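Presented below is the structure to which this report refers.
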Amino acid sequence: MFDLFGALFFVVALAPEPKIPVEYQEAWATIPLRYRQLVTRVDLADHPGRAYRAELRVEVPRKVRASALVHEVMHVAMYATPELERGWERTFWRDSRPLGWPQSKYGATNYREDFAEAAEELHENGCLNEPLNAVPSREAFLRERVFRAEELPTLPFGPCRR
Ligand SMILES: [Zn+2]
């Protein structure tokens, strides 16, 4: 009998990953596989980084910055997941203005950069800079819908709260 689940397992397990520039391979490995598998290409470029919606490919700076790779891959994750994009925009933006606590000035420019900056920050530090019980909470959204706990750094000194 045809083993549908076995076949699906192989399709998922064998989904290709792009060729990664050697200087970014360590950073690449820290990104959850389900997001890596969405990316069609990773190229070096002479600018701080860019993600292309139509092609789901990214460019990262020649001068290695691991957080730039995470940032650009998270753009691809959003571009490839319409319900994630809609959910983020509806939760954190109103009339082209951010609600709550964007994680940087750049993140406050539009919902796409807001998402990439917040995801990058949480992936790097395991917490976001927002008040306890923030509403709306970027950290809560990302923990529910984007990262599993075991994919984030754990903090040696307890919850990251100010
Ligand atoms: Zn960006």
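Every read-out reported here was derived from the displayed coordinates using simple, explicitly stated rules and does not represent laboratory data. Since the model is a prediction, treat every value here as computed from it, not as a measurement. Counting neighbours? That spans all protein chains shown, and the Cβs are built from the backbone with ideal geometry, glycine included.
Determine which single condition ARG90 fails, assuming it passes every other condition in (1) surrounded by fewer than 19 Cβ atoms within 10 Å (Cβ to Cβ); (2) of a type in the set (D, E, K, R); (3) assigned to a loop (DSSP other than H, G, I, E, B). It is condition (3) that ARG90 fails. May I ask you to verify whether GLU85 is of a type in the set (D, E, K, R), under 15 Å from THR30 (Cβ atoms) and either surrounded by fewer than 15 Cβ atoms within 10 Å (Cβ to Cβ) or within 16 Å of the ligand (Cβ to nearest atom) (or both)? Against the criterion (of a type in the set (D, E, K, R), under 15 Å from THR30 (Cβ atoms) and either surrounded by fewer than 15 Cβ atoms within 10 Å (Cβ to Cβ) or within 16 Å of the ligand (Cβ to nearest atom) (or both)), GLU85 does not qualify.
Would you confirm, using the coordinates I've provided, whether ARG86 is under 15 Å from GLU113 (Cα atoms) and free of Cβ contacts under 8 Å to residues at least 60 places away in the same chain? So ARG86 passes the test. If you go through segment 117-158 and pick out every residue that is part of a loop (DSSP other than H, G, I, E, B) and among the acidic types (Asp, Glu), you end up with 1. Of all residues in segment 55-75, at least one satisfies being part of a loop (DSSP other than H, G, I, E, B), under 17 Å from GLU117 (Cβ atoms) and without any contact (Cβ under 8 Å) to a residue 24 or more places away in the chain.
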